[in-house]
Number of protein chains: 2
Amino acid sequence: MSLVFLVGLLLGFFVVVNGIDLWPMPKAVRRGSQTLYVSKDFRLSMEGSKYSDGSGMLKEAFGRMVSLVEAANTIDGNLPRYGVLAGLNIIVNSPDDELNFGIDESYKLSVPASGNTIYGQIEAQTVFGALHALQTFSQLCHFNFTTKVLELHAAPWTIFDLPRFPYRGLLIDTSRHYLPLPIIKGVIDAMTYSKLNVLHWHIVDEQSFPIEVPSYPKLWNGAYSNSERYTMADALEIVKYAEKRGVNVLAEIDVPGHARSWGVGYPSLWPSSNCQEPLDVSNEFSFKVLDGILSDFSKVFKFKFVHLGGDEVNTGCWTRTPHVKEWLHKHHMNGSDAYRFFVLQAQKIALSHGYDIINWEETFNHFGDKLNPKTVVHNWLGGGVAQRVVAAGLRCIVSNQDKWYLDHLDATWEGFYMNEPLTNISKPEEQKLVIGGEVCMWGEHIDASDIEQTIWPRAAAAAERLWTPLGRLAKDPNRVAARLARFRCLLNRRGVAAAPMVGFGRQAPTEPGSCLLQ
Amino acid sequence: MSLVFLVGLLLGFFVVVNGIDLWPMPKAVRRGSQTLYVSKDFRLSMEGSKYSDGSGMLKEAFGRMVSLVEAANTIDGNLPRYGVLAGLNIIVNSPDDELNFGIDESYKLSVPASGNTIYGQIEAQTVFGALHALQTFSQLCHFNFTTKVLELHAAPWTIFDLPRFPYRGLLIDTSRHYLPLPIIKGVIDAMTYSKLNVLHWHIVDEQSFPIEVPSYPKLWNGAYSNSERYTMADALEIVKYAEKRGVNVLAEIDVPGHARSWGVGYPSLWPSSNCQEPLDVSNEFSFKVLDGILSDFSKVFKFKFVHLGGDEVNTGCWTRTPHVKEWLHKHHMNGSDAYRFFVLQAQKIALSHGYDIINWEETFNHFGDKLNPKTVVHNWLGGGVAQRVVAAGLRCIVSNQDKWYLDHLDATWEGFYMNEPLTNISKPEEQKLVIGGEVCMWGEHIDASDIEQTIWPRAAAAAERLWTPLGRLAKDPNRVAARLARFRCLLNRRGVAAAPMVGFGRQAPTEPGSCLLQ
């Protein structure tokens, strides 16, 4: 036994007594006390896999994982003769690699402690489970600054893992500030590190309409500038980029409020030039344009759901504008009726394009019994909503703003961690209707310069809440603080600008010190 | 003439009337009014070049440039039949590609407006001039959101360019907070976009000693943690990464103050355990260790200069500690004499390892006439220093903290832009002694989470001051505000977290709006 190996054993012991350093915590973990040394020629094998990887998705993910664990340090030490981990064998049972809501994300990762040529083993039902396993594996690798090799401590490992909720989202907002493609891709990459799986893209809002809609090409006249725009090919690029990483993209087109920017290109969508929101409910053209948008979206955004917004609708413009007022009168509607009419029409259009619908909670609060049964209600106003939604038999996504709005800089990571989606929901059939939760990075004060540090590490705290079985979550967030701090430093080592945990969201470090203590 | 071509001509005209959109502004620019279309198979040719690119430096830089201009949008339009720019032919006169202080960085970039197969032409004395030309070229390419192709407006172009100062620096500080390798690499990449060419690495300070010194392996016991460290191989990786991009790395080892962390591994370097700074001047071991450090450094840091610090030395510990006090007495020195003694000894050691020396200005202020003539004095305390330094016949780098300290969040981009290194220096032989300037990103409140937006765009404002001929610089910063705003948005599109220009350094956007107006 070499000296290096002895040192490794001691370090392995250190890890054991200091707990499991994985974020989010897997469902079940068993480990030993041996140290392995990661080969410089670390290999992917797919022996026994039914998945052929025609798209190259798995090979690319493996390559990214290796780059990631090698990025922070220069690995130039000599490997010992024993205990070298040569690669990973990945067995995927399903030949299919179409990502969508509810696919099997489970995996088993095992790393033996001995053998002639040691290979770790990943087994997963789908390639997307295997991607999660690669993320977990990447967190097991540690650079040894004495021997200058990558080590894997505490082998043998057996990890069985699957998510608690199928929907684990993060919202970005490209209307208040345009986010360039490389920034969005960076957000997606970082999401995979904590196993979030839905990028909710709040594309359009009252301030700007940055996306191309081929059916109505003047819509993106509402962009801030010529260059602050996404072509449909850009949207497809984002969707493909995300899907290859196991992340679904949920497109949102918020109607009838939050849509002032539509009328820059098509002013007839405004009730009048000085009353520009909500979209004109009396004008059939409003629904034609929405139909065109969703028709174009359906070619690119293949996620089961589309988000139709429906929040914060002030119908004052409708009841003040003569021709709309007349229309309301003719149809025996008041403003509130017309709001419901608009939302339900929009739902029908979305359904006609094959989508299930997500709507913000105001739609449920105002006319929950009229919503299409396929509706998922997206909570945001506060706690206690999910229990009413699921009691009404509808599905729910939890994003109560007091805890899970990332733009609330006074919302602490502890609050993100402790926010339980199933609060006061005890019946199993009702629990199942809570499909998950989402943290929201609204863009009023967020652009390319501050998005990363406002998202991380707080979004990661929520990610563990959404992934890890309830019984394995800490009752006291202080018990996970050190582990989350290590994860935030890991994000930094991967080039992600995750902020200190101390203080408010994205606070600068208050004094010199170790990343681990800030 | 196709419709696309006509549209292009109009757009080209638009660019002409709106001025030259390059940052930093080149020395001389001539252009026309034609629009060219960048080929999807954009090629590098090196016909007639005396540089063989054995290291692959130029090919890699070309590849990065192409990736960069293609990163922000999906290019899937059809190119017209005429006016296609097929590639760049790069002629480099010097076969040598060793980077160091004072190499020729000039280049000529010309893009014809017509021809059968249109190639842009870059001519440069060294490969590093050609790298600058590629950066300039990258800023000429614009995505057309209608045709979905990359365009180059206002051809033909003839640009002749070279830097005003040979030293254009940016300081990073890895002692107050550790900066992971990918973060440092990101800083280097962004430096090249505004043609900065020296990364001043303030490696060690009183708080932590993050770097490996093979000669004295306990020194990095002073690191914050096991993982917040750089191996010598990591340092070499940073140097090589920077050199390939035309950026020199200036290593700083600050003595005798700012060195408390040295004693964590070697406590005898402290005057006493409760008096830990400056390094013990009476102990020969202090100089032996410095000699070891510089010996190890000289194998990795090949820049002509090493920075020996020498700032903020409080000799109280020396005059209070009995054995040091005794030594001072024996050598007929007071604290001030001993400070000079230490700095001059350190200079001798650095010279013996082949380095020229840079010292912070206190050394000049206290005993300028005793400094080795090879010394470059690094100004920081305020304005007016450079003129005294060059009058004394020494070289100078300007970094007056009131204008060029990036950690001063109240230092505005306008102040960065207007800070003139040659203020009150009129004699040509004295002007030549000001080798350049440097913006300083001290790390007390800076870690991986906030370094990018604290550096950019303010450092870019200084970069133009250091690059562009005085006569082409704006007398009123408002005249360059729109162009700098476009450059900051370009940085965002390249994934760099450059902050809004409005408000203080790294301020979050105050309201929704276009990147160009914030």
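The values are calculated or read from the model by the stated rules, or taken from the named source; none is laboratory data. All values reported here derive from a predicted model rather than from experimental measurement. So basically every Cβ, Gly included, is an ideal-geometry build from the backbone, and we count neighbours across all protein chains shown. Heavy atoms of the whole protein, side chains included, go into the accessibility calculation; ligands, DNA and RNA do not. Shrake-Rupley method; radii C 1.70, N 1.55, O 1.52, S 1.80 Å.
Of note:
- R0 of 41 Å, Cβ-Cβ distance residue A:352-residue A:476: FRET efficiency to nearest 0.05: 0.25
- In region B:211-227, comparing the full protein assembly with the chain on its own, the residues that lose 30 Å² or more of accessible surface at a 1.4 Å probe are B:224, B:227.
- Extended-chain gain in nm, criterion 0.36 nm per residue less alpha-carbon gap, residue A:96 and residue A:402: 106.2 nm
- Contact residues in region A:420-463 (at least 30 Å² less accessible area with all protein chains than alone, 1.4 Å probe): A:445, A:447, A:448, A:449, A:453.
- Label-point separation, residue A:326 to residue B:52 (7 Å along Cα→Cβ), nm: 8.4
- Unpartnered cysteines - no second Cys beta carbon under 4.7 Å - across chain B: B:141, B:396, B:440
- Shape category assigned to chain B from the gyration tensor of Cα positions, a/c cut at 1.5: prolate
- Considering only chain B, percent of DSSP beta bridges that pair antiparallel, nearest 5: 30
- Peptide A:239-245 shows a mean partner chain C-beta count of 0 within 10 Å per residue C-beta.
- DSSP beta bridges in region A:175-318 [antiparallel fraction, %, rounded to 5]: 10
- Taking the longest Cα principal axis of chain A as reference, the axis of helix A:458-467 is set at about 80 degrees.
- Acute angle (nearest 10 degrees) that the helix B:232-243 long axis makes with the longest principal axis of chain B, alpha-carbon atoms: 40
- Mean separation of Cα contacts under 8 Å (6+ apart) over length of region A:424-499, as relative contact order %: 35
- Chain-alone versus full-assembly comparison, region B:40-81, residues with accessible loss of at least 30 Å² (1.4 Å probe): B:71, B:72, B:74
- Cleavage-rule hits, trypsin sites (Lys or Arg not before Pro), region A:408-486, DSSP coil, Cβ neighbours within 10 Å at most 13: A:432, A:475
- A full extension of the chain between residue A:319 and residue A:517 corresponds to an added length of 65.6 nm, given 0.36 nm per residue minus the alpha carbon distance.
- Each other copy places its own label point for residue A:410 at 2.6 nm from this one, sorted shortest first, where the point lies 7 Å along the Cα-to-beta carbon line.
- R0 of 30 Å, Cβ-Cβ distance residue B:225-residue A:423: FRET efficiency to nearest 0.05: 0.20
- Angle in degrees between helix A:3-17 and the longest Cα principal axis of chain A, rounded to the nearest 10: 40
- Percent carbon-and-sulfur accessible area, region B:184-283, ignoring ligands, DNA and RNA, probe 1.4 Å: 46
- Considering only chain B, the C-beta nearest to the rotation axis that sends B to A is found at B:497, 3, the distance in whole Å.
- Per-residue average of Cβ from other chains inside 10 Å of A:170-177: 2
- Loop-located trypsin sites (Lys or Arg not before Pro) in region B:38-82, at most 12 other Cβ atoms within 10 Å (DSSP): B:50, B:81
- Note: relative contact order over region B:15-128, using C-alpha pairs below 8 Å and six or more positions apart, is 30 percent.
- Each principal axis of the Cα atoms in region A:292-397 has its own extent, and those three values, largest first, are 39, 36, 19 angstrom.
- Calculated on C-alpha atoms, the gyration radius of region B:204-254 divided by its Kirkwood radius gives an Rg/Rh of 1.01.
- With 5 Å bins from 0: P(r) over region A:238-302, alpha-carbon pairs, percent: 4, 17, 23, 18, 12, 11, 8, 5, 2
- Here the Karplus relation 6.51 cos²θ - 1.76 cosθ + 1.60, evaluated at θ = phi - 60°, turns the backbone of region A:102-109 into coupling constants of x, 5, 6, 10, 6, 7, 10, 10 Hz, with x for every Gly and Pro.
- Loop-resident sites, region B:170-235, for trypsin sites (Lys or Arg not before Pro), counting at most 15 other Cβ within 10 Å (DSSP): B:218
- Taking the label point 7 Å along Cα→Cβ, residue A:267 and its counterparts in the other copies are spaced 8.1 nm apart, in ascending order.
- With a simple spin-label model that places each label point 7 Å from the Cα along the Cα-to-Cβ direction, the separation between residue B:40 and residue B:114 comes to 2.8 nm.
- Remark on region A:359-466: Rg and Dmax equal 14.3, 44 Å (Cα only).
- For residue A:148, neighbours were defined as the other residues whose beta-carbon sits under 14 Å from its Cβ, and their charges (Lys and Arg +1, Asp and Glu -1) total -4.
- In the assembly of identical copies, residue A:81 has its label point, taken 7 Å from Cα in the direction of the beta carbon, separated from the corresponding points by 7.1 nm (ascending, one decimal).
- Put simply, chains A and B cover up around 4000 Å² of each other's accessible surface, both sides summed, when a 1.4 Å probe is used.
- Sorting the segments B:421-427, B:168-174 by their mean number of nearby beta carbons within 10 angstrom, highest to lowest, gives B:168-174, B:421-427.
- Rounded to 5, percent antiparallel among DSSP beta bridges of region B:60-188: 65
- Probing with 1.4 Å while keeping every protein chain in the model, the per residue accessible area of the protein assembly as shown equals 36 Å².
- Share of carbon and sulfur in the accessible area of region B:382-438 stands at 49%, probe radius 1.4 Å.
- With one equal scatterer per alpha carbon and no solvent term, the Debye-computed log10 I(q)/I(0) for the protein assembly as shown at 0.07, 0.08 1/Å reads -0.67, -0.88.
- Relative contact order [Cα under 8 Å, 6+ residues apart], chain B, whole percent: 14
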